[in-house]
Structures are given as structure tokens and as C-alpha cells.
Amino acid sequence: MANASGLAAERLKTGAFEHKPSGVKYSLSLEGSQLMLTYQDPKDPEIAASRKLEYFLGSGHLGLTYLYSLNDYLFESPIAYYSASQSLDMKPGLESMKQAPPALPVQAECLRCHMSAVQHSDSGTINRYRGLPFLHAGITCESCHGDTRQHLVTGGKALVVNPSKLNARLRDSVCISCHLEGDISVERAGHSALDFKAGDPISDYLAYFVYSGQGATKRGVSEVEQLSLSMCKQTSGDAMSCMSCHDPHYTPIGPREQAAFYRKKCLACHTGATFATAHHPGDPDCTGCHMKRTGAENIPHVAWTDHRILKYPEAPIATANPSSGDALVPVFSPGTTRRDVALAYYNALLEGNFALEPKAYEGLEAIKPELSGDKNALAALGILSEERGDYKQAQELFQEVLKLDPRNLIAISNLGTLLAKSGDLQGAIALWRPAFERNEDVAGLAKNLAQVECIAGDTAAARATLQKTLQYSPGLRDVRQMLTHLPACATQKQ
Ligand code: HEC
Ligand code: HEC
Ligand code: HEC
Ligand code: HEC
Ligand code: HEC
Ligand code: HEC
């Protein structure tokens, strides 16, 4: 796990290719010892970029992706290295892009399982860090043992967390914090998953949900969920944990060593006097028969090894069909509230499951009086109200969020739209301009701001806004078009 991320210079993959659907040419190359990403659209010399890659992410089992920063904003490279083909290609999701890709902001939430001591981005920003985004690459001792500085400053008296000495819930929380995603997760009121520390219950920070309907899961299922279904775990209860088989400090390498390593773990519980000698004596590899590899190895965030530990292994489970409209049920999340459930539906809606809108809206509306102080829930209800045409309630809710968090980008973006719609252009500009100064890379915000600036008669400001955001995403056609049509907008006003 120590190799989960690091400096780009430690994993230099170079190469070049042309992405057919867009015609854009990409390359990763060395300038001295610096790994550079460059791309250009041969049809338009203005669409070109050159970025210094700073970090890699991914141990390379599946592949690697790279991170870079520009003016303190952190981004992911649009191209990644794939181990299976040993070549560079577009990042998943960008394969069919018809233009040069927009800058891909990296949120702290994305880093938290791959890096250590991940920091919050600057207040009111998505991905701007004026300090370091994380203090250590890879998974360090602190991820599982808590703050070791405490251990050092007390001359070793304050015990570092030892996961196996914690109660079962806290012990399991350490591994769950990075090895479970569920279909949807929701941050608990007033908490950020980034603040989780070994020794805390993860359920104070996150509530996890899965679609209840069979086959409703769009993703592969994690080791945590699978193990909980196994007869071994169901019968052993809290006595069994991830550590019953894994040593977090040591990974056996090669088939023979792996077979011997895990066999020993199995036999620690399967102790029947004659079991080990009588059960398939010719084949020492217990996991080869009971924990087969599934077909999911090309998908990140999916268990590859079947942790259900079946007597008779069945068909792979990682490829269940998507469906929609199902109920979300909490898993591994004691203390889940109605608010968490409603926000889970809201998050599912954001992922495109539109049928769940009523459950999100009605769920939040029903508990509105309890939401004061809960900016995430208030902002969600604000957006849902706006979508339903209740602008008055939406406006009140966004204002309430801004009282709690004056730089809240969601509230600022949406409240500005409501103001602009009602004709209060200066009000919208006053909200959006400072937010854009903190989030120059957010093209949507730039377009809204430029539009209003232009209609208000300030074409120069509108031009500056659009040009600024193009620094980050030179390929955005709609922004370029707006820029060329700016003079027309000023006359549109009358
Ligand atoms: C992925 C989680 C994880 C990481 C990372 C990790 N450890 Fe551990 N460590 C554990 C667990 C779990 C145990 C308990 C193992 C057991 O008892 O089976 C443990 C046990 C220990 C122990 C024995 C503690 C005792 O009281 O007996 C020491 C010492 C230790 N780890 C040091 C380190 C150091 C130093 C690092 C960083 C180089 C590190 N660990 C990284 C999970 C981790
Ligand atoms: C801070 C996040 C984090 C925590 C906490 C964590 N892991 Fe991991 N673990 C990862 C990541 C990320 C990878 C994958 C590295 C890669 O392939 O890029 C990984 C890989 C693994 C692997 C497979 C490869 C290997 O290195 O052996 C095992 C097994 C594993 N973790 C077990 C555990 C167990 C058991 C715990 C709890 C004691 C735990 N992890 C806690 C993030 C974490
Ligand atoms: C923490 C203890 C523990 C560990 C470790 C453990 N098991 Fe189990 N396992 C159990 C218990 C308890 C049962 C249920 C009673 C029984 O069949 O012995 C069980 C049941 C099983 C079953 C029967 C499942 C069924 O559907 O009937 C299989 C197969 C199995 N284990 C294989 C393994 C293998 C292979 C390993 C090592 C990779 C392993 N177990 C590790 C405790 C454990
Ligand atoms: C009964 C034994 C057993 C238990 C318990 C167990 N694992 Fe595993 N795990 C394995 C085996 C065997 C592999 C495959 C190792 C290999 O091929 O290198 C594996 C592989 C993994 C991997 C690598 C990716 C994959 O799916 O192949 C991760 C991550 C992992 N386990 C996490 C966990 C976590 C988290 C827990 C606790 C919820 C856990 N495991 C509990 C036996 C176990
Ligand atoms: C060659 C494949 C193979 C290997 C290797 C293997 N098993 Fe099995 N195991 C099976 C099959 C098939 C069954 C179901 C039929 C039976 O009970 O023999 C089974 C059944 C079991 C059961 C359930 C027993 C019961 O009475 O229901 C357990 C527990 C188990 N295996 C554990 C292990 C452990 C632990 C190892 C390694 C020491 C291991 N197996 C190695 C194929 C294998
Ligand atoms: C909840 C923890 C978690 C979060 C959040 C997370 N990952 Fe992962 N990621 C993992 C773990 C654990 C693995 C190791 C494989 C597995 O368990 O499926 C992994 C594997 C990967 C791999 C494959 C690396 C390899 O081993 O070849 C890539 C690439 C990756 N993640 C990228 C990302 C990106 C980009 C984000 C943010 C959008 C992200 N991850 C967010 C936990 C996480």
C-alpha cells in the first residue's frame, strides 16, 4: 500500500498517441527529469497545453494516473497509463470526447484513500491548495496507527493506535475507511471524511448505502461487503477481521508463497484434527478453490478476489446489471438518520438516477425544521426546490447556507443564478466575481459570470473572465464561441 501514490518522477511512463474521435495529439515526455503532459489540436493551434506532472496515483497493477497543478489548482491528467496494454490512453469517461478535454479538478475526497494526511482545499474552492494538498504520498503508518507525533512527543508513552487492540467496530473502521465505497456514501452532518483518523468509528464520518434490489448495483462489490456474506465471517462474528488473513505490513509475492501464506491463515480456524491432511491433500492452495479471482481486474475499486469464500464458487459477481428506481439501504453504518437517507437519494440523483428525485426532495422537506446548521442538507434542498420552481424557498435556503459558510460555492453559484434571473445583475456579479477569483478553473462559473458581466455592459470584464478560464481548459468550444461573440451581447441588452 505504500506504493499507492508518489512523485511522478518515480513512475515515468512516456509515449504519444492521437485520440481519433477528437483528433487531439497527446504525449508524455521528459524534459530533463521533469515528466510533461502536452496536447494539441492540429486543427487549431490555440488549443494546446503543456503541464508539469507532479504525482502519480495507482500502484500500477491496473495502471497509473498523474496529477498536476496550475496556479495552485490541482488536476488529474486526461490520459492514463494502462498496464494491460502497456500503453497510454484517455482516462475512463473521456474516450469519446470530440474536443480537447476540460481540466479535471482533483478533489481532496479523491485523494484520501491513495495519499496520507490529505488536506482540505482552500475554503470556498473545489481544488485550490495554496499549501500542499497532502503531506505524504502513499499510505503511511499514520493511516492505520493514528498520529504518531503524539507517540514521539510523549517519549513513547502515548500509545499509537494498534488496530487489532481496538474494539471490533473501531478496528474494522480502519480498513473500511478506504476499502468500502458502497453505491452511494454520504458525509454525516458536520463531518468530513478527510478528518477520519484511525481509532475513530468511520460511521461518525460516512454513511454507506447500497441499492437493495438484486442486480441494482452498478459497480463491483468490495472486499468488505463480500466478506460480510461469507460463512466464515457470519459464524465467527467479531473474532474475524481483515487481519485474519492480511498482514498490513507484508504482502506475499508469487503463487507458492501466497498459497502457503493464506493456507496458514485458513488453518488457524479450520483446525479439525484431520481436516488439513484429508481435504484435497494434493493441492495446498485453499484460496485457489475457495477465493477465486473474478473477472473484474480491469476495473478500479472492485474486489478481484472473491471474498465470499464459497464452498462451491459460483459465477463472477462483479458485473451485475444497472437498474434504477430501487431503494437505498444503509450498510455498515449504525446510527444512519433520515437526513442521511435523504441525502443518499440526492447523491444518487446527482449521479443520474433521476427517478429518485421525489425520495430526495420529500425526505429533506419532511425534516426541514431539523436542518438548521447542516449546510450540505440545506444546499441540497435548495437545489431541489429550485428545480421544482420554488425559487423563494431556494433563495432562503442558499442564504441560510451562506450564513453558515460565506464561501459555499454551491450556494453562491445557485443564488447568483436566481438573482440574475430576477434581473439583479449587480447582485449576481457581486456574488460570483469573488467566487470566480477563487475558482478560475470552473468553466461553468466563468460562463455565467461573463454572461452577466456582458449584459451589464462590461465586455472587458467578460472577456477577461473567459480568457482566464481558458488557461485551464483551452479546448472548451463553448467558452471560445462566447469569447468571439462578446461584442454582440452588449447590444443584446437593449
Ligand atoms: C494498512 C494499515 C497499516 C499500515 C499502513 C501500517 N500498519 Fe502497523 N499495524 C497494522 C495492524 C492492523 C497491526 C496489528 C497487526 C496484528 O496484530 O495482527 C499493526 C501492528 C503494528 C505494530 C505492532 C504494534 C504492537 O503494539 O504490537 C507496529 C510496531 C507497527 N504496526 C508499526 C507500523 C509502522 C512503523 C508502519 C509504517 C511504516 C505501519 N505499522 C503501517 C496496520 C498498519
Ligand atoms: C488510507 C487508505 C487505506 C487504508 C486505511 C487501508 N488501505 Fe488497504 N489499500 C489502500 C489502497 C489505495 C490500496 C491499493 C494500492 C493500489 O493498488 O494502488 C490498498 C491495497 C490493499 C491490499 C492489496 C495489496 C497489498 O498492498 O497488499 C490489501 C490486502 C489491503 N489494502 C488491506 C488492507 C487492510 C487489511 C486494511 C486495514 C488494516 C487496509 N488495507 C487499510 C488504501 C488503504
Ligand atoms: C476466523 C476464522 C476463520 C478463518 C480465518 C477462515 N474461516 Fe472458513 N469458516 C470459519 C467458520 C467458523 C466457518 C463455518 C463453520 C465451518 O464450516 O467450519 C467457515 C466456513 C468455511 C467454508 C464453508 C462455507 C460454506 O458455504 O459452507 C469454507 C469453504 C471456508 N470456511 C473456507 C475458508 C478458507 C479457504 C479460508 C482461508 C482463506 C478460511 N475459510 C478462513 C472460520 C474461518
Ligand atoms: C479469509 C481470508 C481473507 C480475509 C478475511 C480477507 N481477505 Fe482480502 N484477500 C484474501 C486473498 C487470498 C486475496 C488475494 C491475494 C492475492 O492474490 O495476492 C485477497 C486480496 C485482497 C485485496 C486485493 C484486491 C483483490 O480483491 O484481490 C484487497 C484490497 C483485500 N484483499 C482487502 C481485504 C479487506 C479490506 C478485508 C477485510 C474486510 C479482507 N481483504 C479480508 C484473503 C482474505
Ligand atoms: C481443489 C480445490 C480445493 C482446495 C485446494 C481446497 N478445497 Fe475446501 N472444498 C472444496 C470443495 C469442492 C468443497 C465442497 C465439497 C467437500 O466438502 O469436499 C470444499 C469444502 C470445504 C469446506 C466446507 C467443509 C464442509 O464440511 O462443508 C471448508 C471449511 C473448506 N473446504 C476449507 C478449505 C481449506 C481451509 C482449504 C485449504 C487448507 C481448502 N478448503 C482447500 C475444494 C477445495
Ligand atoms: C474510498 C477509498 C478510495 C477513493 C475515494 C478512491 N480510491 Fe482509487 N482505489 C482505492 C483502492 C482501495 C484501490 C485498490 C484496488 C481496489 O481495492 O479495488 C484503488 C485503485 C485505484 C486505481 C487503480 C490503481 C492500480 O492499482 O492499478 C486508480 C487508477 C484509482 N484508484 C484512482 C482513483 C481516483 C482518480 C480517485 C478519485 C476520483 C479514487 N481512486 C478514489 C480506494 C479509493
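Taken together, the values in this text are just the output of simple stated rules run on the coordinates, not laboratory data. Not measured: the values here are computed from a predicted model. In this analysis, Cβ positions are derived from the backbone assuming ideal geometry, glycine residues included, and neighbour counts consider all displayed protein chains.
Points to keep in mind about this one:
- Counting only Cα atoms, the size of the range 1-55 along its three principal axes is 42, 23, 15 Å, in decreasing order.
- The Cα-based radius of gyration of the range 164-207, divided by its Kirkwood radius, gives an Rg/Rh of 0.95.
- Each of the peptides 438-447, 384-393 was scored by the mean count of other Cβ atoms within 10 Å over its residues; in descending order, highest first, they stand as 438-447, 384-393.
- Ranked packing of 360-366, 41-47, most packed first, by mean Cβ within 10 Å: 360-366, 41-47
- Cα gyration tensor category, rounded, prolate or oblate, for the range 407-494 with a/c compared to 1.5: oblate
- Once C-alpha pairs closer than 8 Å and six or more residues apart are averaged by separation and normalised to the residue number of the chain, the relative contact order reads 11 percent.
- Amide N proximity, the range 250-265 versus Ala276 label position 7 Å along Cα-to-Cβ, cut-off under 14 Å: 260-265
- Label-point separation in nm, Ala460 to Asp204, each point 7 Å along Cα→Cβ: 5.4 nm
- Projected label points at Glu10 and Gln481, each 7 Å from Cα along the beta carbon direction, are separated by 4.5 nanometres.
- Helix 375-387 and the longest principal axis of the Cα set of the chain meet at an angle near 60°.
- Each other residue within a Cβ distance under 12 Å of Ser244 adds +1 if Lys or Arg and -1 if Asp or Glu, for a net charge of +1.
- The range 2-143 has equivalent-ellipsoid semi-axes of 25, 18, 13 Å, by the square roots of 5 times the alpha carbon gyration tensor eigenvalues, sorted largest first.
- For a label point 7 Å along the Cα-to-beta-carbon line of Ser422, residues of the range 370-398 with backbone N under 20 Å: 378-398
- Sites Thr235 and Ser29, calculated FRET efficiency, Cβ-Cβ separation with R0 41 Å, nearest 0.05: 0.15
- Tilt relative to the chain, helix 255-269 - C-alpha long axis, 0 to 90 degrees, to 10: 70 degrees
- Only Cα pairs under 8 Å and 6+ residues apart enter the sum, and on that basis the relative contact order of the range 407-494 stands at 24 percent.
- Environment charge at Thr417 (Cβ cut-off 13 Å; Lys +1, Arg +1, Asp -1, Glu -1): -1
- Peptides 4-14, 407-417 ranked from most to least packed by the mean count of surrounding Cβ atoms within 10 Å: 407-417, 4-14.
- Cα→Cβ-extended label distance, 7 Å offset, between Glu18 and Cys141, nm: 5.3 nm
- Span from the the range 170-196 Cα centroid across to the the range 1-49 one, whole angstrom: 33 Å
- Debye-sum result for the chain in log10 I(q)/I(0), which assumes one identical scatterer on each alpha carbon, at q = 0.09 Å⁻¹: -0.76
- Gain on full stretching of the segment that runs from Lys91 to Cys269 - 0.36 nm per residue minus C-alpha separation: 59.8 nm
- Taking every alpha-carbon pair under 8 Å whose residues sit at least 6 apart, the range 2-143 reaches a relative contact order of 22 percent.
- FRET E, pair Glu357, Glu314, Förster distance 35 Å, beta-carbon r, rounded to 0.05: 0.45
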